[in-house]
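Readers should treat all values here as calculations from the given coordinates under stated rules, not as data from a laboratory. Quick caveat, the model's predicted, so the values are computed rather than measured. Positions of Cβ are backbone-derived with ideal geometry, glycine not excepted, and every protein chain shown enters the neighbour counts.
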Amino acid sequence: MGLYQRPSELNEALALMAQGTWQVMAGGTDIFPARAHRAAWGNPMDANWLDITAIPEMRGITQAGGFWRIGAATSWAALRDAELPPGFDALREAARQVGGRQVQARGTIGGNLCNASPAADGVPPLLLLDAEVELASQGGRRRLKLADFILGNRRTARAADELLLALHVPAGPAQSRSVFLKLGARAHLVISIVMVAANAEGRVAVGSCSEVARLWGEGALTPMDDVRGTAAYRHAAAAELVARAQASLAA
């Protein structure tokens, strides 16, 4: 077994990140199933675990200076239940459909982004909001557009010594009504076949149809064939969900 640390101060966490290789964890809703899978197939993963859930700066939703700030360790349940402007409606709806209530209580928005799955439910709504990520290390802090942070399937721009600290959403996009639609094999507790987020300003983002979720019309969709659906089915489903989302906003 590796080491386990649960610092209560950000500086302490960043010092640990600078000293060695750590597996960052918050809710563990992605990490623990993956670990169990490896152990079941004879490939146990001994890692040093850095639990960030006790760091106050990494939790909560606040507004200041023309931006909304969402701590990376903020849970889906906290997002689901927060009183936020209509631009966040798509993100709050995504939060309602991320697993069951237990997963929503444990899973975090930052973990969803760092996991960088093509089916990450938080990405399309955050693309609508023109969100930026804030990364921190002992060398300082930097901010990136979300579209520049997620580089591909399970790949991000986070350096080995950095923590994803928070998301920043400008107040303007947060005022535009938004919707989120998700197609899966059932209504809940399912990985997306296709998902769409749209707002009243005409922005539309599509997930599960490319290696990285993208804004509709900004580059071709490149869905793959897998056990959940064929590429052709995903193309057709994406067009249908986009139409439904736009009709809902026009009603």
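With the simple spin-label model, which puts each label point 7 Å out from Cα in the Cβ direction, the Ala47 to Ala247 separation comes to 4.3 nm.
For a paramagnetic label modelled on Ala157 (point 7 Å from Cα along Cα→Cβ), amide N atoms under 14 Å away belong, within segment 88-131, to 131. Divide the volume of the convex hull around the Cα atoms of segment 61-108 by the residue count and you get 61 Å³ per residue. The value of relative contact order for the chain, using C-alpha pairs under 8 Å at least six residues apart, is 18 percent. Listed values for segment 47-64 are Karplus-derived 3J(HN,Hα) couplings in whole Hz (6.51 cos²θ - 1.76 cosθ + 1.60, θ = phi - 60°), namely 10, 8, 9, 10, 8, 9, 6, 9, 8, x, 5, 9, 10, x, 10, 9, 10, 6, and x replaces Gly and Pro. With the Cα gyration tensor of segment 168-227 giving a ≥ b ≥ c as the square roots of its eigenvalues, does the rule (a/c under 1.5 for rounded; else a/b larger than b/c for prolate; else oblate) give rounded, prolate or oblate? Because a/c hits 1.5 or more and a/b fails to exceed b/c, segment 168-227 counts as oblate. Per-residue Cβ neighbour counts within 10 Å put Val123, Val103 in the sequence Val103, Val123, beginning with the fewest. Which percentage, to the nearest 5, of the DSSP beta bridges contained in the chain is antiparallel? The antiparallel fraction comes to roughly 90 percent. Look at the Cα gyration tensor of segment 200-251: its axes a ≥ b ≥ c give a/c of at least 1.5 with a/b at or below b/c, and that counts as oblate. Annotation: average projected area of segment 106-251 is 9.4 square nanometres, based on the convex hull of Cα atoms across all directions. Ranked by the mean number of other Cβ atoms within 10 Å of their residues, highest first, the peptides 124-130, 172-178 fall in the order 124-130, 172-178. Taking Cβ atoms as reference points and 13 Å as the exclusive limit, the residues near His168 contribute a net charge of +2, counting Lys and Arg as +1 and Asp and Glu as -1. Placing a pseudo-label 7 Å from each Cα along the Cα-to-Cβ vector at Thr21 and Tyr233 gives an inter-label distance of 3.8 nm.
Between Arg177 and Asp81, what FRET efficiency follows from the Cβ-Cβ distance if R0 is 22 Å, with the result rounded to 0.05? Step by step, r from the Cβ atoms, then E = 0.70. For Cα Rg over 2.2 N^0.38 Å, the value computed from the atomic coordinates appears in the list [x] 1.00; [y] 0.95; [z] 1.14 under label [x].
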